[in-house]
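The values are calculated or read from the model by the stated rules, or taken from the named source; none is laboratory data. Here the structure is a predicted model, which means the values were calculated and not measured. No Cβ is skipped: glycine too gets one built from the backbone with ideal geometry, and neighbour counts run over all protein chains shown. Note: areas computed on protein heavy atoms with side chains; ligands, DNA, RNA excluded. Shrake-Rupley method; radii C 1.70, N 1.55, O 1.52, S 1.80 Å.
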Amino acid sequence: AVNLTDSDPVPPGQVSATHVVAADGSGDFETIQAAVDAAVAGDTIAIQPGTYTEAVLVDRDLTISGDTGDPAAVVVEIPEDGPTVDFNGVDNGYGFLFDGVTAELSHLTISGPGAGVSALVATDGDLTAHHLVEDLDPYVDDPYGFLYAGGDTTGDIYAHSTKAVVRFDGGARPTFRENDVASLVRVRGQAYPQVEDNAIGGIWLQGSAAPLIKNNTIDFGTIDGPAGGFGSCGIELSPGMKRATIVGNSVRNAPTGICVDRAVGAEITQNDIAVEVVGVDLDQAEVSVRRSSITGDGDGIVVSGRSEAGIETNTVRVTGQGLRIVSPAAPYVTGNDICGGAGDVVNGDGVEIEIGASNRCKEATADQ
């Protein structure tokens, strides 16, 4: 291995270096941070098996990886008295901080105290992170747990095993896929990540951008720790959220499958929801719910407030009310197959709406 101390990019024609980190002193460096500080853009940090108690600041374009390919073999233990970074007025510790760089991190476990730390932090730049395990203990989300991505962070983040919350903020727009997250994915500000093919406890959308939430398995029952103010919905669209696309997700074990509160322009399409209390709850929402399957106990779809939602071509099979409309809501309802044990389409307070070929079970009834 060649050890370079110049932090400038590798000159044209010069081969990048690999720096070996070994806790037992058999490599080029005994700490990851020392290897990062000696590297130049384009270099690789290869970490030998062992436990490394440190918080690593990555301020240049590097590839950092556990050398064996087994995430359990390399453990980065976040020190309790380690450095912190300011996240929206909160000082937070970290395992790795990527600051405006193009970097790759893979094949290791990030461990440490659960409160007040994030395993990964990315502020701007382009981060590819894969084959990682987050093992913060105890499991808390104060404030962000596994990953905080802010600024204009891009990149591809996949194949993790994680327990605590993930947060996308600012204008962050990475692809977050194939992760196993026992807690929440939280999207705020102008962030518009693509969240695809994950197993997640819940998703909380609070910003005003246009995130894509696609083909995820949402199991609310995996949230066995603090939820940071999160409600009782598998997927929650809070006031101010605009143009979110919620497509192809499976939602289980949540009191309410999908909640929409004063959100505008969302497309909720082809989702599979197992009902406990309500499948889809729309309050003052201007969204479309199409081609989704809602089954189980409780009510299928509830539309209330000044909602102008489109309810089209859904299949509803529930023990409660299939579609309940509460004044002054006036949704557009057509082409659905709705069957509810307590009424198929229940039009409350005499609200007059046009219902097309909306159910095969029986005619719409007055609310009792």
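Before moving on, here are some points about what is shown:
- Heavy-atom accessible area for R262, with the other protein chains in place and a 1.4 Å probe, reaches approximately 120 Å².
- Solvent exposure of the range 97-248 amounts to 30 Å² per residue of accessible area, where only protein heavy atoms count and the probe is 1.4 Å.
- Placing +1 on the Cβ of every Lys and Arg and -1 on the Cβ of every Asp and Glu, with nothing else charged, gives the chain a dipole about its Cα centre of roughly 1500 debye.
- As a calculated quantity, the FRET efficiency between K242 and D99 at R0 = 30 Å, using C-beta atoms, amounts to about 0.50.
- Global form of the chain, assessed from the alpha-carbon gyration tensor, a/c cut-off 1.5: prolate
- Projecting the Cα atoms of P113, Y94, V133 onto the dipole axis of the range 72-134, where Lys and Arg carry +1 and Asp and Glu carry -1 at the beta carbon, places V133 farthest toward the positive end.
- Förster radius 30 Å - calculated FRET efficiency between A159 and T319, Cβ distance, rounded to 0.05: 0.15
- For the range 35-103, the alpha-carbon radius of gyration amounts to 1.17 times the rule-of-thumb value 2.2 N^0.38 Å expected for a compact globular protein.
- Cβ charges +1 (Lys, Arg) and -1 (Asp, Glu), total dipole of the range 44-193, debye: 440 debye
- The simple Förster model, with R0 at 25 Å and r as the Cβ-Cβ distance, assigns D86 and Q33 a FRET efficiency of 0.80.
- Taking a sphere under 13 Å around the Cβ of T295 and counting the other residues whose Cβ falls inside, with K and R at +1 and D and E at -1, yields a net charge of -3.
- Quotient of Cα Rg and 2.2 N^0.38 Å for the range 169-285, N being how many residues it contains: 0.93
- Rounded to the nearest Hz, the phi-derived 3J(HN,Hα) couplings of the range 147-157 under the Karplus curve 6.51 cos²θ - 1.76 cosθ + 1.60 (θ = phi - 60°) are 9, 10, 10, x, x, 10, 4, 10, x, 10, 10, where x marks glycine and proline.
- Accessible surface of the chain [probe 1.4 Å, protein heavy atoms]: carbon and sulfur percent: 44 percent
- Top positive-direction residue, dipole computed over the chain with Cβ charges, set V278, I78, G343: G343
- The range 26-103, dipole about Cα centre (Lys/Arg Cβ +1, Asp/Glu Cβ -1), debye to the nearest 20: 200 debye
- Mean residue ellipticity (222 nm) of the chain, computed from DSSP H runs ≥ 4 via -39,500 (n - 2.57), nearest 500: -500 deg cm²/dmol
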